[in-house]
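Below is one structure, written out as structure tokens; the observations come after it.
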Amino acid sequence: DGDVYKYYADGEWKKSSSGKAVAIINPTTRKTQYKVQACTQVEVNKVMESAKTAQKSWAKTPLWKRAELLHKAAAILKEHRAPVAECLVKEIAKPAKDAVTEVVRSGDLVSYCAEEGVRILGEGKFLVSDSFPGNERTKYCLTSKIPLGVVLAIPPFNYPVNLAVSKIAPALIAGNSLVLKPPTQGAVSALHMVHCFHLAGFPKGLISCVTGKGSEIGDFLTMHPGVNCISFTGGDTGIAISKKAGMIPLQMELGGKDACIVLEDADLDLVAANIIKGGFSYSGQRCTAVKVVLVMESVADVLVEKVKAKVAKLTVGAPEDDCDITPVVSESSANFIEGLVKDAKEKGATFCQLYKRDGNLIWPLLLDNVRPDMRIAWEEPFGPVLPVIRINSIEEGIHHCNASNFGLQGCVFTKDVNKAILISDAMETGTVQINSAPARGPDHFPFQGLKDSGIGSQGITNSIHMMTKIKSTVINLP
Ligand code: G3P
């Protein structure tokens, strides 16, 4: 069946023996855009076997050669930016320009990772024993970093390429093999990206990409005894994975409710511009999106007016036309967002625009005077709907931020750097941005969440460290 994209295993494109396919619905047309193979558990077992075998010789491949292949893959991926970006537009309704940016950013990430890898992994440690009480200088300890084995990468729909390579590149440079399970929406973009790695000429079995239903192969993959590390980005599923996974390192990034705290002395034009970028880019479907504005009452009216004026200028429509606001990823997501909006309406939030929806397309909406009894005060809409809560003290803002079960990022706007630092220290989040909207990048910065936002720290450097283990050899002198 030529219509169904093949999965990638053993350096080849294959059809699943299931004879079944999974449909990928274009969020804009709401019609089937592509189909991918529904892989079976037997096929997953085979992939795990090949990954294990391939890893053994890959670990012995010189580091500079591994880096060279990654640089090659990065260049090919950047050359293929147009067709990969086109898939992103069709599968996840990412605005055309942003889709190209995602692919280029991914190529850069892979190259940077190759460079960072040769530096980090090119160094080990040398320790001597006589610094510890009771020891003579008779033991020399040599340490280096060794790979973990097979890394399982599970990226989310919102960055099916970038959040796949942010796991693939560190895993490979460190000498691991990699099994990718892409999100269904975004699977074809991911397969296309994997094709770039295929063209670069990595050894067969080192990278595989299995597609299919989470219900059929999801738990089977994450609980597979052949997996030595899981790097996951997504929603609540990550909490379930953490509970079920074996004794292996986990890297989890599971969403956020990033707060934007606005003090009285803030540059309100700067704040408004960042609220638009932070709250509405990719229609709010980013875990680092601004998801609640906590503004001091005395400047709230002015700020809301400024944001309203900018919301009115956002273009709404198809991703092909490069509109700012595009259809959200699925009908169920749109329904969920609508549920939050209705709840806010019933409980008396001020609607700065009329609520409007057409299929999966939801017009941008700013909700003022949101109170803590409304769901939108706490839940992640993952859509273009942003609540504003008016506060009377900094403490009130920090309290709201810290009462969340999430703790990914946050931001604070003020000209008083001392206050900004104190607020940053008080916010229970993995990162605080001063005078800018939350963001993961640049991609070598540490990226981590507290509480339900995740385990471990990502970013190129941290991921390389996380996907390795220390090995020591001790020379005992007579
Ligand atoms: O939602 C995924 C998260 O990693 C966001 O990345 O680059 O939009 O801040 P970014």
**Request:** Please work out the C-alpha center-to-center distance from the stretch 6-42 to the stretch 189-237 and express it in whole Å.
**Result:** 13 Å
**Asked** Using the Cα atoms as the points, what is the convex hull volume per residue of the stretch 230-284 in Å³?
**Response** 106 Å³
**Item:** Pairs from Lys94/Lys313; Lys52/Lys97; Lys167/Lys419 whose Cα-Cα separation, in the structure shown, is over 30 Å
**Value:** Lys52/Lys97; Lys167/Lys419
**Message:** I'd like the Kirkwood hydrodynamic radius of the stretch 3-42, using the inverse of the mean 1/r over distinct C-alpha pairs, in Å.
**Reply:** 10.9 Å
**Message:** For the stretch 46-87, place one equal point scatterer on every Cα, skip the solvent, and apply the Debye formula. What is log10 of I(q)/I(0) at q = 0.18, 0.19, 0.28 Å⁻¹?
**Reply:** -0.71, -0.74, -0.85
**Asked** In whole Å, what is the distance between the alpha-carbon centres of the stretch 153-167 and the stretch 59-116?
**Response** 11 Å
**Prompt:** Can you give the % of DSSP beta bridges in the chain that are antiparallel, to the nearest 5?
**Reply:** 45 percent
**Which of Cys141, Cys287, Cys229 has the fewest Cβ neighbours within 10 Å, and the rest in rising order** = Cys141, Cys229, Cys287
**Over the stretch 365-408, volume per residue of the alpha carbon convex hull, in Å³** = 80 Å³
**Item:** Proximal aspartates and glutamates relative to Lys35, as straight alpha-carbon distance under 12 Å, when same-chain residues fewer than 8 apart are discounted
**Value:** Asp1, Asp3, Glu91
**Fill in**
Gyration tensor (Cα only) of the stretch 397-478 to equivalent ellipsoid, semi-axes in Å sorted down, yields 34, 14, 13
**Item:** Long-range tail of P(r) for the stretch 247-393 (Cα pairs > 18 Å, %)
**Value:** 54 percent
**Item:** More than 21 angstrom apart: percent of Cα pairs within the stretch 4-72
**Value:** 48 percent
**Asked** Taking 0.36 nm per residue of separation and subtracting the Cα-Cα distance, what length does fully extending Glu395 through Asn476 add?
**Response** 23.4 nm
**Item:** Principal axes of the stretch 80-143: Cα extent on each, largest first, Å
**Value:** 66, 18, 13
**Asked** Roughly how large, in nm² to one decimal, is the mean projection of the convex hull of the alpha-carbon atoms in the stretch 177-297?
**Response** 10.6 nm²
**Asked** Using the reciprocal of the averaged 1/r over all distinct C-alpha pairs, how large is the Kirkwood radius of the chain in Å?
**Response** 23.4 Å
**Asked** Based on the Cβ-Cβ distance from Ile421 to Asp3, what FRET efficiency comes out when R0 is 51 Å, to the nearest 0.05?
**Response** 0.35
**Asked** Taking only the alpha-carbon atoms of the stretch 323-478, what semi-axes of the equivalent ellipsoid follow from 5 times the gyration tensor eigenvalues under a square root, in whole Å, largest first?
**Response** 38, 22, 14
**Asked** In whole Å, what is the distance between the alpha-carbon centres of the stretch 433-472 and the stretch 286-304?
**Response** 26 Å
**Complete:** For Glu331 and Glu305, extending 7 Å from Cα along the Cα-Cβ vector and measuring point to point gives, in nm, a value of 4.3 nm
**Request:** Take every Cα-Cα pair in the stretch 28-125 and report what % of them are more than 18 Å apart.
**Result:** 66 percent
**Request:** Find, to one decimal place in angstroms, the Kirkwood hydrodynamic radius of the stretch 323-410, where the mean of 1/r is taken over every pair of different Cα atoms and then inverted.
**Result:** 13.8 Å
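Where a number appears in this text, it was derived from the coordinates with a stated rule and is not lab data. Everything quoted here is computed from the prediction, not taken from an experiment. Heads up, the Cβs are rebuilt from the backbone with ideal geometry, glycines too, and the neighbour counts pull from every protein chain shown.
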